[in-house]
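J.: Take a look at this one; I'll ask things after.
The values are calculated or read from the model by the stated rules, or taken from the named source; none is laboratory data. Computed from a predicted structure; not experimentally measured. Please note: Cβ atoms are built from the backbone with ideal geometry, for glycine as well, and neighbour counts cover all protein chains shown. SASA here: full protein model, heavy atoms, side chains in, ligands and nucleic acids out. Shrake-Rupley method; radii C 1.70, N 1.55, O 1.52, S 1.80 Å.
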Amino acid sequence: MILTKNKKDSVDIDLLIEQKISGNKLNELLLVVPTNRKIRALKREIISATPNKAVTKLNLETIGTFSTVILLTEDKTKGRVLSEAAGATLMKQSFQETELKYFSNYRDEIPAGTLERIKNVITEYKKHGITPELLRKEADSLRSSEKIKALDIADIYDIYKKKCEALNVKEIGDIYSWVTALGRADFDARIKKLYHDVQLVIINGFDEFTAPEIEIIDKISSVKNIELYISFDYYAYNPLMFSHLDKCYDSLKGKGFCEIKDSSVAVFDKFNSTVREKLFRENKPQVNEFEDRITVISALNREKEIENIAKEAKYLLTEKKIKPNKICVVFNLIQNYSSLVRDIFWMYGIPFNLTDRYSLKTSSPVISIINFLEILENDFYYKNIFRALSSGFLNYFGIDQSTLLKASVNLKIISGLDNWQNSLYDAIKRCDDKDDDTSSQMLGKELYEKALNDIKVLTKNLAPFGKQLTLSEFRDNLVSLIYTLNLPAKLINNNGTAIEENIKAINTFLAEVDEVFELLGMEFDKKKRFPLIFFLNNLRTIVASSRYNIKEKPGYGIQVTTLNEIRGLQFDYLFISGLCDGDLPTRYTPEIFFSGSYARNEKNHHTEERYHFYQSLCSWKEHLYLTYPAQEDRKELVQSNFLSEFTGLFKTKAKNEKDYENIIYSKEDFLIHVGQLGIESSKDFYENELKDFDFDGVENSLQINDKRFTEPFGESEYTGFIKKGLSEKGKEFIEEYKTKQYSISQLETYAK
């Protein structure tokens, strides 16, 4: 439906936009959409559709970016937008400075997960215009522990809010609050100055608006000489899918917005209209006409599900010549599939854009930096040393991890820099005092001397952090350490597939450190000095709360994303995957930190999940695939009731693993095929077609594998007998290890 305050009976929004594009009047149009992804897609579409393939002014915003522009562009004194990491740091401080009752056990150190959840709740309160005062008022209607919890969160929120105000930083909810508080004349003046040519505002693709967002939309609609239209996907006659929007719809009507006829040529095609009006309703007749364009693909488990998707996508790319950017794979809980998609799509040679955000706490180079500093924090505890040395990302100036490990085991060194040094000095002295000059004695001395030198190298590089530092000194030392350890060169020259991911992680880490330390510098005296533990605690908070994205390559690869990210987008081929209960729909687990009436109820949760499924169903043109796994880790999964409802409404085709068995989609598929067919038969059949394929290498690998099984104790280098072919010196070295004692973990490491 279309909502507006303009006195019209109908409107064709698509035609209005087309007229602005074809008439080179894009400066007169402001499009407000729900996601930055939609902005990027629209930007490409609009520029491609303009007569000269170029534009001078393009007004594309989300409500958040629009509000930020209105507030901060015109008045730099209003501050800046707060990052997630900086917000988590301020939230942690607020927690520690509050007189807590419900959370009294967490006064000294709040668990990272609890901190993140409370921060998300308070951020959500801000977006909806809920203040600490309203929370305290809500607490009056609660009892016992719920009341105490609500008051604690209100107090934390109050201190957090005051900290943000004192430091002049704002979350999006704070910006909404400022914009809604602007006077009519001030707001209108800002609009006219920043969007002085705009005459038409179209708000499209949203599923719901918060109370502050409705206030902002209402303000825009009242600006003189501006027509505003809201495309609002709401249908009152299917409450199982749309009832959660009733309150939002009533609020818009209460502001004076009226529904008018949408006269666009293709408002809803038959499929979309059928889904909108009949999905999840009872007594619905089955629709047969889309059977050839809808396929349900079942799989044994999540891995097989992604393999099936990859094979179907490979077929579309190679046989039907579909461009990769015309295909999209979406999940409700993408984190259950991200690693599988990366591995399997890469194996099948499929280009893809995966939009799942990475967390800094999973970034190996970032964690390796913190692990390195933890060596000093825990006084050279052996596990910290080996954890830092095993990352592979840092250049430790020739430090030999295995030498340190041997020395630690032989001398039973657990921790303490003095203990390391004294134990190694004593061991070297004992080697010198003995009369024998055997190679074993000499090797022992060399080992301890090398270990002592490695400890000295670690000590030298950690020395700058061994005293109390100011914020700026620590930051400078941290950057210096990164370069001293040669991390930038390591990242750039890394032969792995995650070069861009790792570089972005380090850049994000340093940017977040800069922001957090700048805010801490505004809060504390800049000359104040802190111990290493203070800095490491802040670094851990930054890492735990920071996420980053790899820059999207426009028009490259199959889009792999979430349901929310494809709102308003269209693809020729769409896979909606992970259709099992618990994924889509997710189970109702109320957020325990929301108070009283602000907590989302189970009915709303299920309605929102149905609505998101409906929105994704409206995002394809040529073919729709619905996929689901049957089990996970030997646990049986239940097919989504959403899929059951859908197949009850639409007749579909079905596929499973057997439908992909007889086609080779990857090198791995071919190797399996060669193994089944036999080397000689494969050579005869394929040698002319695959002249560069190493059939002899495959045959040799199969023979080695057979030898391992048929002669597990044979004297072969493939069954663990590595003495063959060694030099005399090497054999002598190996012999000395026969009499040593080994721990279980050492034997397991050797076995690996």
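J.: Could you check the stretch 3-111 for helices (runs of 4 or more DSSP H) lying wholly inside it with 3 or more residues that are more than 20 Å from F206 (Cα to Cα)? Quick ask: steps written out before the conclusion?
T.: Numbers: elements: 13-22, 36-49, 63-68, 84-97.
It comes to 13-22, 36-49, 84-97.
J.: Do any residues in the stretch 193-215 that are at negative phi and polar (S, T, N, Q) have Cβ atoms under 7 Å from those of residues that are outside any loop (DSSP other than H, G, I, E, B) and open to solvent by 20 Å² or more (accessible area, probe 1.4 Å), where the two are at least six apart or on different chains, and which pairs are they?
T.: Q199/E28; Q199/E227; N204/S231; T210/K127
J.: Quickly run through the stretch 423-439 and pick out the residues that are of a type in the set (S, T, Y) and either under 14 Å from N410 (Cα atoms) or at pLDDT 85 or above (or both).
T.: Just the residues of the stretch 423-439 that are of a type in the set (S, T, Y), to begin with: 423, 425, 438-439.
S423, Y425, listed by residue number.
J.: Every residue in the stretch 530-562 that is touching a helix residue (DSSP H, G or I) at 6+ places or on another chain (Cβ under 8 Å), modelled with pLDDT of 85 or more and open to solvent by 40 Å² or more (accessible area, probe 1.4 Å), please.
T.: I533, R540
J.: Report yes if some residue within the stretch 300-308 is among the basic types (K, R), at pLDDT 90 or above and either surrounded by 15 or more Cβ atoms within 10 Å (Cβ to Cβ) or in contact with a Cys (Cβ under 9 Å, 6 or more places away or on another chain) (or both); otherwise report no.
T.: The initial filter retains those residues of the stretch 300-308 that are among the basic types (K, R), namely 302, 304.
Of the ones still in play, those that are also at pLDDT 90 or above are 302, 304.
Right, trim to either surrounded by 15 or more Cβ atoms within 10 Å (Cβ to Cβ) or in contact with a Cys (Cβ under 9 Å, 6 or more places away or on another chain) (or both) and you get 302, 304.
Among the residues of the stretch 300-308, at least one is among the basic types (K, R), at pLDDT 90 or above and either surrounded by 15 or more Cβ atoms within 10 Å (Cβ to Cβ) or in contact with a Cys (Cβ under 9 Å, 6 or more places away or on another chain) (or both), which makes the answer yes.
J.: Looking at this structure, is Y234 touching a residue at least 24 places away in the same chain (Cβ under 8 Å), open to solvent by less than 30 Å² (accessible area, probe 1.4 Å) and more than 22 Å from N27 (Cβ to Cβ)? Write out each step before concluding.
T.: Details: touching a residue at least 24 places away in the same chain (Cβ under 8 Å): yes; open to solvent by less than 30 Å² (accessible area, probe 1.4 Å): yes; more than 22 Å from N27 (Cβ to Cβ): yes.
Here the answer is yes, as Y234 does meet what is asked.
J.: With in contact (Cβ under 8 Å) with a residue 40 or more places away in the chain, under 26 Å from Y249 (Cβ atoms) and charged (D, E, K, R) as the only criterion, which of E138, E171, E146 stands out? Talk me through it step by step, then tell me what you get.
T.: Details: E171 fails: under 26 Å from Y249 (Cβ atoms); E146 fails: under 26 Å from Y249 (Cβ atoms).
On inspection, the qualifying residue turns out to be E138.
J.: Here's a check for you: in the stretch 336-390, which residue that is touching a Leu at 6+ places or on another chain (Cβ under 7 Å) and open to solvent by 40 Å² or more (accessible area, probe 1.4 Å) is farthest from I550 (Cα to Cα)?
T.: Looking at residues that are touching a Leu at 6+ places or on another chain (Cβ under 7 Å) and open to solvent by 40 Å² or more (accessible area, probe 1.4 Å), I get D379.
J.: Test I414 against the criterion of being open to solvent by 10 Å² or more (accessible area, probe 1.4 Å), closer than 30 Å to L458 by Cα, of a type in the set (A, V, I, L, M, F, W, C) and part of a helix (DSSP H, G or I), and give yes or no. Spell out the reasoning first.
T.: On the way: open to solvent by 10 Å² or more (accessible area, probe 1.4 Å): yes; closer than 30 Å to L458 by Cα: yes; of a type in the set (A, V, I, L, M, F, W, C): yes; part of a helix (DSSP H, G or I): no.
Criteria not met by I414.
J.: Can you name every residue in the stretch 563-573 that is at pLDDT below 90 and either over 20 Å from E609 (Cα atoms) or of a type outside the set (D, E, K, R) (or both)?
T.: Residues of the stretch 563-573 that are at pLDDT below 90, as a first pass: 563-570.
Within the stretch 563-573, L563, N564, I566, G568, L569, Q570 meet the criteria.
J.: Take the residues in the stretch 79-99 that are among the small types (G, A, S) and either modelled with pLDDT of 85 or more or under 22 Å from the mean Cα position of the chain (by Cα) (or both), then tell me which one is most open to solvent (accessible area, probe 1.4 Å). Please lay out each step first, then the result.
T.: Of the stretch 79-99, the ones among the small types (G, A, S) are 79, 83, 85-88, 94.
Okay, now just the ones that are also either modelled with pLDDT of 85 or more or under 22 Å from the mean Cα position of the chain (by Cα) (or both), so 83, 85-88, 94.
Details: S83: 26, A85: 0, A86: 1, G87: 0, A88: 4, S94: 0 Å².
Only one residue fits best here, namely S83.
J.: Right, K224: surrounded by fewer than 20 Cβ atoms within 10 Å (Cβ to Cβ), free of Cβ contacts under 8 Å to residues at least 40 places away in the same chain, closer than 21 Å to Q615 by Cβ and not acidic (D, E) or not? Spell out the reasoning first.
T.: Values: surrounded by fewer than 20 Cβ atoms within 10 Å (Cβ to Cβ): yes; free of Cβ contacts under 8 Å to residues at least 40 places away in the same chain: yes; closer than 21 Å to Q615 by Cβ: no; not acidic (D, E): yes.
The answer is no for K224.
J.: Turning to a different aspect of this structure: Here are some conditions: (1) among the hydroxyl-bearing types (S, T, Y); (2) surrounded by fewer than 22 Cβ atoms within 10 Å (Cβ to Cβ); (3) within 16 Å of the chain's Cα centre (by Cα). Y315 meets all but one. Which one does it not meet?
T.: The one condition Y315 does not meet is (3).
J.: I would also like to ask the following. List the pairs whose first member sits in the stretch 291-320 and is at positive phi, whose second member is modelled with pLDDT of 90 or more, and whose Cβ atoms are under 7 Å apart, counting only residues at least 6 apart or on separate chains?
T.: none
J.: Right, another one. Evaluate the stretch 520-535: report whether one residue or more is in contact (Cβ under 8 Å) with a residue 24 or more places away in the chain, assigned to a helix (DSSP H, G or I), more than 28 Å from V457 (Cα to Cα) and basic (K, R). Reasoning before the result, please.
T.: Step one: of the stretch 520-535, the residues in contact (Cβ under 8 Å) with a residue 24 or more places away in the chain are 520-524, 526-533, 535.
Narrowing further to those that are assigned to a helix (DSSP H, G or I): 520-523, 532-533, 535.
Cutting the leftovers down to more than 28 Å from V457 (Cα to Cα) gives us 520-523.
From what's left, basic (K, R): none.
The answer is no; no qualifying residue exists.
J.: Do any residues in the stretch 239-264 that are in contact (Cβ under 8 Å) with a residue 40 or more places away in the chain have Cβ atoms under 7 Å from those of residues that are open to solvent by 20 Å² or more (accessible area, probe 1.4 Å) and among the polar types (S, T, N, Q), where the two are at least six apart or on different chains, and which pairs are they?
T.: H244/N604; I260/S10; K261/S10; S263/S10
J.: Mind listing whichever residues of the stretch 630-660 are of a type outside the set (D, E, K, R), assigned to a helix (DSSP H, G or I), in contact (Cβ under 8 Å) with a residue 12 or more places away in the chain and open to solvent by 50 Å² or more (accessible area, probe 1.4 Å)? Write out each step before concluding.
T.: If we filter the stretch 630-660 for residues that are of a type outside the set (D, E, K, R), which is where we start, we get 630-631, 637-644, 646-650, 652, 654, 656, 660.
If we keep only those that are assigned to a helix (DSSP H, G or I) as well, we get 641-644, 646-649, 660.
Restricting the remaining residues to those that are in contact (Cβ under 8 Å) with a residue 12 or more places away in the chain gives 641-643, 646-649, 660.
Result: N641, single match.
J.: Restricting to the stretch 183-214, name every residue that is aliphatic (A, V, I, L, M) and under 30 Å from Y234 (Cα atoms).
T.: Kept after step one, since they are aliphatic (A, V, I, L, M), are these residues of the stretch 183-214: 185, 189, 191, 194, 198, 200-203, 211, 214.
If the condition is that a residue be aliphatic (A, V, I, L, M) and under 30 Å from Y234 (Cα atoms), then I191, V198, L200, V201, I202, I203, A211, I214 are the ones that fit.
J.: Quick one: which residue in S701, S616 is exposed (fewer than 15 other Cβ atoms within 10 Å of the Cβ) and farther than 23 Å from W346 by Cα?
T.: S701 is the lone residue from the list that is exposed (fewer than 15 other Cβ atoms within 10 Å of the Cβ) and farther than 23 Å from W346 by Cα.
J.: Taking only pairs six or more apart or across chains, which ones have beta-carbon atoms under 7 Å, a first residue in the stretch 340-367 that is under 16 Å from I506 (Cβ atoms) and modelled with pLDDT under 90, and a second residue that is hydrophobic (A, V, I, L, M, F, W, C) and in a loop (DSSP other than H, G, I, E, B)?
T.: S364/F393; P365/F393
J.: Which of (1) open to solvent by 60 Å² or more (accessible area, probe 1.4 Å); (2) part of a loop (DSSP other than H, G, I, E, B) is the odd one out, the single condition V198 does not satisfy?
T.: Every listed condition holds for V198 apart from (1).
J.: Additional query: Among the residues of the stretch 158-166, is there at least one that is of a type outside the set (G, A, S), closer than 30 Å to F517 by Cα and in contact with a strand residue (DSSP E or B) (Cβ under 9 Å, 6 or more places away or on another chain)? Spell out the reasoning first.
T.: Here is the first cut: in the stretch 158-166, the ones of a type outside the set (G, A, S) are 158-165.
So of that shortlist, the ones also closer than 30 Å to F517 by Cα come out as 158-165.
From what's left, in contact with a strand residue (DSSP E or B) (Cβ under 9 Å, 6 or more places away or on another chain): 163-164.
The answer is yes; a qualifying residue exists.
J.: Right, something else. Out of L142, L151, which single residue is open to solvent by less than 70 Å² (accessible area, probe 1.4 Å) and touching a Lys or Arg at 6+ places or on another chain (Cβ under 8 Å)? First the steps, then the outcome.
T.: Numbers: L142 fails: touching a Lys or Arg at 6+ places or on another chain (Cβ under 8 Å).
None of the others qualify; the one that does is L151.
J.: Kindly establish whether A313 is under 23 Å from G555 (Cα atoms) and of a type in the set (A, V, I, L, M, F, W, C). Give the steps one after another, and end with the answer.
T.: Working: under 23 Å from G555 (Cα atoms): yes; of a type in the set (A, V, I, L, M, F, W, C): yes.
So A313 fits the description; yes.
J.: Pairs only if they're at least six apart or on different chains, beta carbon under 8 angstrom, first in the stretch 1-16 and over 22 Å from E277 (Cα atoms) and open to solvent by less than 40 Å² (accessible area, probe 1.4 Å), second part of a loop (DSSP other than H, G, I, E, B) and modelled with pLDDT of 85 or more; list them, first residue then second.
T.: Listed by first residue and then by second, the contacts come to T4/F257.
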